[in-house]
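Since the structure comes first, as structure tokens, the remarks are kept for the end.
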Amino acid sequence: MPSQRLAVIVAALWWGGISALSFLAVPLLFASLGSPAVAGPVAARIFSLQCWAGLVLGMALLVILRRWRGETGSSISASALTTMGFVLFAMLLALLQEFGVAQNIVTARASGGNLRLWHGVGSAMVLGQWLCAGAVLWRLSAPRPA
């Protein structure tokens with residue numbers, strides 16, 4: 001099924017992007033630049049771009065998964081609905097991170113608020129997105145019965 005292959009590629013891009021940016025690029029950025037005051041705004045921009053990419057890739061996955069119904073002529077399977085749930089939850093986390101947590105980090109940095117708390121919440125949301133994207137990739141790459 002061509003759309004299954006496309007879905008696996010999109011899910012791999014999503015999971016791989018989160019993995020590379022969150023767990024490699026951002027820590028390397030802080031290690032290389034030394035100063036959190038310098039690295040922080042660059043990392044914030046990377047996380048913002050990652051959120052938007054996650055929303056676009058998630059939407060693409062939802063469209064692809066929805067089209068599977070049309071290809072098979074039957075209703076959407078429980079497995080596809082579960083996979084869609086993981087996609088939607090990851091997209092919700094991305095939106096909350098972008099429009100809630102990121103603003104609270106900026107505010108906490110400027111006002112001396114609880115920066116540690118908001119960084120922890122943001123990190124948990126990134127981890128949640130990574131786990132959801134990984135679950136989607138795992139589910140989509142499983143062998144399908146003929």
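Since every read-out is calculated from the coordinates, none of them should be taken as a lab result. Bear in mind that the values here come from a model prediction, so they are computed numbers and not experimental data. Cβ sites come from the backbone with ideal geometry, for glycine too, and all protein chains shown count toward neighbours.
Can you tell which of Leu95, Ser123, Val10 lies farthest toward the positive end of the dipole of segment 2-141, using +1 and -1 charges on the Cβ of basic and acidic side chains (Lys, Arg; Asp, Glu)?
Final value for the positive-end residue is Val10.
What dipole magnitude, in Debye to the nearest 20, does the chain give about its Cα centre under +1 on Lys/Arg Cβ and -1 on Asp/Glu Cβ?
In total the dipole reaches around 200 debye.
Which whole-Hz ³J(HN,Hα) couplings does segment 81-92 yield from phi under the Karplus relation 6.51 cos²θ - 1.76 cosθ + 1.60, θ = phi - 60°, glycine and proline marked x?
5, 4, 4, 4, x, 4, 4, 5, 5, 5, 5, 4
Which ³J(HN,Hα) values, rounded to whole Hz and listed in residue order, are derived for segment 96-102 from phi using the Karplus coefficients 6.51, -1.76 and 1.60 in 6.51 cos²θ - 1.76 cosθ + 1.60 with θ = phi - 60°, glycine and proline given as x?
5, 5, 5, 9, x, 5, 4
Could you work out how far apart the two model spin labels at Leu117 and Val63 are, taking each label as a point 7 Å from the Cα in the direction of the beta carbon, and quote it in nm?
Taking the two extended label points, one gets 4.0 nm.
Can you tell me, using C-alpha contacts under 8 Å and at least 6 residues apart, the relative contact order of segment 2-141 as a whole percent?
Relative contact order for segment 2-141 comes out at 35 percent.
Run the helix sum for the chain: -39,500 (n - 2.57) per DSSP H stretch of 4+ residues, divided by residue count, reported at 222 nm to the nearest 500 deg cm²/dmol.
-28500 deg cm²/dmol
Based only on other Cβ atoms within 10 Å, what is the fewest-to-most ordering of Ser32, Ser123?
Ascending number of Cβ neighbours within 10 Å: Ser32, Ser123.
Provide the gained length on full extension for the span Ala20 to Ser79, in nm with one decimal, where the gain is 0.36 nm per separating residue minus the Cα-Cα distance.
Stretched out fully, the Ala20 to Ser79 stretch lengthens by 18.5 nm.
Quickly work out the Arg45-to-Gln103 label distance, labels modelled 7 Å from Cα along the C-beta direction, and quote it in nm with one decimal.
2.2 nm
Starting with the fewest neighbours, write out Leu62, Leu137 ranked by other beta-carbon atoms found within 10 Å of each beta-carbon.
By the 10 Å Cβ count, ascending: Leu62, Leu137.
Can you list the HN-Hα couplings for segment 107-115, worked out from phi with the Karplus curve (6.51, -1.76, 1.60; θ = phi - 60°), rounded to whole Hz and with x for Gly and Pro?
5, 5, 5, 6, 9, x, x, 7, 5
Please give the FRET efficiency for Ile9 paired with Ala31, using the beta carbon to beta carbon distance and R0 = 41 Å, rounded to the nearest 0.05.
FRET efficiency, Ile9 to Ala31: 0.85.
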